[in-house]
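Accompanying notes for the structure given below.
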Amino acid sequence: MAKLFIARVRGAGGERPLVTVRAAAEGEARLFVEAAYPEDEVVEIAEPGEWISDSDTGTRNGDVREHPGATWQPPSSRAGSLP
């Protein structure tokens, strides 16, 4: 089953909005994001903890989505949420 991962991606113009990806594991998530953004740097990939979003994050392996208005914040063991 595909799990949700969040990614921090940096392009020539700076940080992209928060990117989510569905994958079986972190390594696979990185490959999907690198394929979707071949010219950009994938700075970090993480499981989002208890992050709740009203945005569509996809359901299938390989679903990569950008979320304008949401920026990367490292998952916290205390709060575990992102805006």
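Some notes on this structure:
- Those residues of the stretch 10-24 which are surrounded by fewer than 19 Cβ atoms within 10 Å (Cβ to Cβ) and either of a type in the set (D, E, K, R) or without any contact (Cβ under 8 Å) to a residue 12 or more places away in the chain (or both), in sequence order: Arg10, Gly13, Gly14, Glu15
- Annotation: Ala7 fulfils all but one of (1) among the hydrophobic types (A, V, I, L, M, F, W, C); (2) assigned to a loop (DSSP other than H, G, I, E, B); (3) open to solvent by less than 50 Å² (accessible area, probe 1.4 Å); the unmet one is (2).
- Taken together, the residues in the stretch 32-61 that are aliphatic (A, V, I, L, M), surrounded by 15 or more Cβ atoms within 10 Å (Cβ to Cβ) and farther than 13 Å from Leu4 by Cα amount to 2.
The values are calculated or read from the model by the stated rules, or taken from the named source; none is laboratory data. A quick note: this is a predicted structure, and the numbers were derived from the prediction, not measured. When we count neighbours, we look across all protein chains shown, and the Cβ atoms used for this are built from the backbone with ideal geometry, even at glycine. The accessibility values were calculated without ligands, DNA or RNA, using every heavy atom of the protein model including side chains. Shrake-Rupley method; radii C 1.70, N 1.55, O 1.52, S 1.80 Å.
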